[in-house]
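Chemist: Got a structure here, written out as structure tokens. Questions coming.
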Amino acid sequence: MRAPGLLRIFNFLYFSLLAMFVAFLPVYLDDQGLNPAQIGFIIGTGGFVTLFTQPLWGMISDKTKTIRKVMLLLLLFSSAFGFLLYDSSSYLQLVVFAMLLYFFLMPIDPLTESLNFTISETSGVSYGSIRTFGASGYAFFSLITGYVMSYFGANSLALLFAGIGILGFVIIWLMPDAPVTGKPVTWSSLKQFLGHKETLLFLLLVFLCSVPTRMNDTFLGVYIRELGGSPELVGQAWFLAAGSEILVFAVSFWWQRKGKEMFYITFAAVFFFIRFLISAFLTDPHLLAYLQILQILTFPVFYSAAIQYLYRIVPAEWRATGQTVLALLFFGVSGILASYVGGVIYKSFGGQVLFLTMASLSFAGLLFGLVMFRVYGNKREEEELGK
């Protein structure tokens, strides 16, 4: 099987693991009797771990010029610690194994996205045709995980997680490594990239929009349970959210145009605001779950446009590291603030105030996106037309 085919299978498997970890870790912790502040502490601390481990593994990949070997190592340890996490019930064990899983599992995300983008370019296929399988895996296993928890117990996730992880290890073992750039890796090029005003403003925009998104990722399942929803309903909510991404990624070759990335990012920020504002006033857990269909206009549009924008401004030899910086903001730095602050707000004022806070942050991101679009959007579009 050619590299794009194997990579599609791996995307399905890896994002299945992310569904079990990102979407259901808060639900699992809630099932073990932890309160929102404790859940926020674990996930926020995991953000600190991600803050260091994603750049570490991204730079190791760039320096050694291999993504495949790094991913094999990360998958092996992720499978083991994922099994131990979902087989644990004591608070200390949950903290330790969750931190280890953050250390080994989360760095795979930017490396996978780097593979997706690089192999899609070299193979002449669209990024979306590969990333669609990731969205499919996240959607399918969000649904499956909810039913598995309800009918077989929360600890049954241990074997499921380890099994999917081992399958992913086998697929990466069969894959060729990604092509590497012929340019040497230099610290000066990275410094130039991070020191550029447009880059810093872009990363600030990503951070501002990702904080409310990560709050939603952390506490949506907990809030659905509080409103009377079941684990199956949580799974259905994430199935609708991730399933809606499939269409967006599948037709990305049609809607995604180079030079228009800032327009797409701003467009997504509008619907982030609408989605979280409506969520604040819903008291029926089923309606809250069904509202997640608005994911179709938010995360997949925002993230795919952000990746394309990043790859237009990052030096070629630092693409994996640049992708890591993007993922670091989305899953690391923003996750720290979202989990700690979100947990305190949830415990002190309740879910409605938390969602109103998320809507306010999204509105600020919308305004910032409009400014960025006005300043840099036309510039990038003109550059593309001039080619």
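Chemist: Using the heavy atoms of the protein chains and a 1.4 angstrom probe, tell me the accessible area per residue for the chain in square angstrom.
Modeler: That works out to 38 Å² for each residue.
Chemist: Under a Cβ-Cβ cut-off of 14 Å, what is the net charge of the residues other than residue 338 that fall near it, where Lys and Arg count +1 and Asp and Glu count -1?
Modeler: Net charge in that neighbourhood comes out at 0.
Chemist: Quick check: net charge around residue 106, other residues with Cβ under 13 Å of its Cβ, Lys/Arg +1 and Asp/Glu -1? Before the final figure, lay out the partial values.
Modeler: Working: positive: 214; negative: 109, 113, 217.
Every neighbour counted, the sum reads -2.
Chemist: Only Cα pairs within less than 10 Å get springs; with that Gaussian network setup on the chain, which residue of 310, 203, 56 has the largest fluctuation?
Modeler: Most flexible of the set in this elastic network: 56.
Chemist: Please report the net charge: other residues with Cβ closer than 12 Å to the Cβ of residue 119, K and R +1, D and E -1.
Modeler: Working: positive: 2, 8, 68, 131; negative: 113, 121, 177.
Once positives and negatives cancel, what remains is +1.
Chemist: What spacing in nm lies between the two simple spin-label points modelled at residue 155 and residue 360, each 7 Å away from Cα in the Cβ direction?
Modeler: 4.3
Chemist: Restricting to lysine pairs 8 or more places apart or on different chains, what number in the chain have Cα atoms under 16 Å apart?
Modeler: For the chain, the number of qualifying lysine pairs is 10.
Chemist: Among 285-292, 351-358, 13-20, what's the highest-first ranking by average C-beta atoms within 10 angstrom per residue?
Modeler: Going by the mean number of other Cβ atoms within 10 Å, highest first, we get 13-20, 351-358, 285-292.
Chemist: What spacing in nm lies between the two simple spin-label points modelled at residue 59 and residue 247, each 7 Å away from Cα in the Cβ direction?
Modeler: 4.3
Chemist: Roughly to the nearest percent, how much of the accessible area of the chain is carbon and sulfur, given a 1.4 Å probe?
Modeler: 70
Chemist: Compute the label zone of residue 283 within segment 216-252: residues whose backbone N is under 19 Å from the point 7 Å along Cα-to-Cβ.
Modeler: Within reach of a label on residue 283, which here means backbone N under 19 Å from a point 7 Å along Cα→Cβ, segment 216-252 contributes 223-230.
Chemist: Here is a follow-up. Please list 89, 61 from largest to smallest accessible area, probe radius 1.4 Å, with all protein chains kept in place.
Modeler: Sorted by accessible area, descending: 89, 61.
The values are calculated or read from the model by the stated rules, or taken from the named source; none is laboratory data. Because the structure is a prediction, the values reported are computed rather than measured. All Cβ positions, even for glycine, are placed from backbone atoms using ideal geometry, and neighbour counts span all protein chains on display. For the accessible areas, the whole protein counts, side chains as well, though only heavy atoms, and no ligand, DNA or RNA atoms are used. Shrake-Rupley method; radii C 1.70, N 1.55, O 1.52, S 1.80 Å.
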